[in-house]
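Here you go, one structure.
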Amino acid sequence: MQITKEVQEMCPVKRGVKGEPAPIPQEGQWTKCKEIKDISGLTHGCGCCAPQQGTCKLTLNVKNGIIQEALVETIGCSGMTHSAAMAGEILPGKTLLEALNTDLVCDAINVAMRELFLQIVYGRTQTAFSENGLPIGAGLEDLGKGLRSQVGTIFSTKEKGPRYLELAEGYILSLGLDKDNEIIGYKFVHLGKVMEQIRKGVEPKDAFEKNIGKYGRYDEAVKYIDPRKE
């Protein structure tokens, strides 16, 4: 370690106050974190790339400073999906500090990692007050049945109004309108459940029809439209 001449010539003065780390809430405990291995928690972070063409939601479950579980969800950019696949292979097993300084291929994922790191080290995790945190695998609960991300895709114009294309319930098949042409409900198909049943041997047509549902006052509509054609 190099020390400048000015500092070498200074007389030593004893430091009286030695500040300790402020305790942060972690998995039901108050922890004074001094090393990366002192960090635990499950939480989410979001980030977008420089041109803001796409975004990433990243979920990590960290135990004793090591990433045990990662859920990478991306929208808006085709290249991000491949980047997510690589990030999913990169992240588990790394320390938080390693992950922060690892190229996760896509800027949106890197930014999400940065934001998530800040939440975790400052005690702002989802499991801050949950005793023992959440088990490995808890990230999948965000996906629900069919293990499909919660996606919302809406297209709207001033000229023709909104078109619901996909919502949390599923892929929109038709919109129900009232007498004023306002949307009061929709019919959808849950794609995750459809694919799950097809994989188990159910005929595609049967799987499709069994997973159609309705939302809102769809049956009271006076007019129905296909949001992708009309």
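Long-range amide H contacts for Ser130: which residues qualify at under 5 Å (H placed 1.01 Å from N, peptide plane, sequence gap of 5 or more or a different chain)?
Those lying under 5 Å, H to H, from Ser130 are Glu27, Gly28.
Still on this structure, please answer the following. If I require 20 Å or longer along the helix axis, counting alpha carbons, and a Kyte-Doolittle average no lower than 0.5, what helices from the chain are left? Use full DSSP H segments.
Span-like helices in the chain: 107-121.
Could you sort the peptides 55-66, 79-90, 190-201, 143-154 by per-residue average Cβ neighbour count (10 Å cutoff), highest mean leading?
Per-residue Cβ counts within 10 Å, averaged per peptide and sorted highest first, yield 55-66, 79-90, 190-201, 143-154.
Among Gly152, Tyr215, Phe188, whose Cα lies farthest out toward the positive end of the dipole of the stretch 138-216, if unit charges sit on the beta carbon of Lys, Arg (+1) and Asp, Glu (-1)?
Phe188
May I pose another question? Given a 10 angstrom Cα cut-off, can you work out which residue in Thr74, Thr43, Thr31 is the most mobile in a GNM of the chain?
Thr31
Could you give me the ³J(HN,Hα) list for the stretch 131-139, computed from phi with Karplus coefficients 6.51, -1.76, 1.60 and θ = phi - 60°, whole Hz, x at Gly and Pro?
Values, residue by residue: 4, 6, x, 10, x, 5, x, 5, x Hz.
Semi-axes of the equivalent ellipsoid for the stretch 23-141, please: Cα gyration tensor eigenvalues, times 5, square-rooted, ordered largest first, whole Å.
Three semi-axes, in Å: 25, 13, 12.
Order these peptides, 45-54, 118-127, 220-229, by their mean beta-carbon neighbour count within 10 angstrom, highest first.
118-127, 45-54, 220-229
At 7 Å along Cα-to-Cβ for each site, give me the label-to-label distance between Arg124 and Val7 in nm.
So the two model labels end up 3.3 nm from each other.
When the Karplus curve 6.51 cos²θ - 1.76 cosθ + 1.60 is applied with θ = phi - 60°, which whole-Hz ³J(HN,Hα) does each residue of the stretch 145-154 get, with x for Gly and Pro?
For the stretch 145-154, the Karplus curve yields 5, x, 6, 10, 4, 6, 10, x, 10, 10 Hz.
Say the dipole of the chain comes from +1 at the beta carbon of Lys and Arg and -1 at that of Asp and Glu; which of Ile120, Gly93, Leu173 then lies farthest toward its positive end?
Ile120
Evaluate 2.2 N^0.38 Å with N set to the residue count of the chain, then give the Cα radius of gyration divided by it.
My calculation over the Cα atoms of the chain gives 1.42.
Something else now. For the stretch 101-225, what is the charge dipole size about the Cα centre, in debye to the nearest 20, if Lys and Arg each add +1 at the Cβ and Asp and Glu each add -1 at the Cβ? Can you show the working numbers first?
Numbers: 17 positive and 18 negative charges, 62 e Å.
Rounded to the nearest 20 debye, it is 300 debye.
Since every read-out is calculated from the coordinates, none of them should be taken as a lab result. Only a predicted model underlies this, so the values are computations on that prediction, with no experimental measurement involved. Neighbour counts are summed over all protein chains in view; Cβ atoms, including those assigned to glycine, are modelled from backbone coordinates with ideal geometry.
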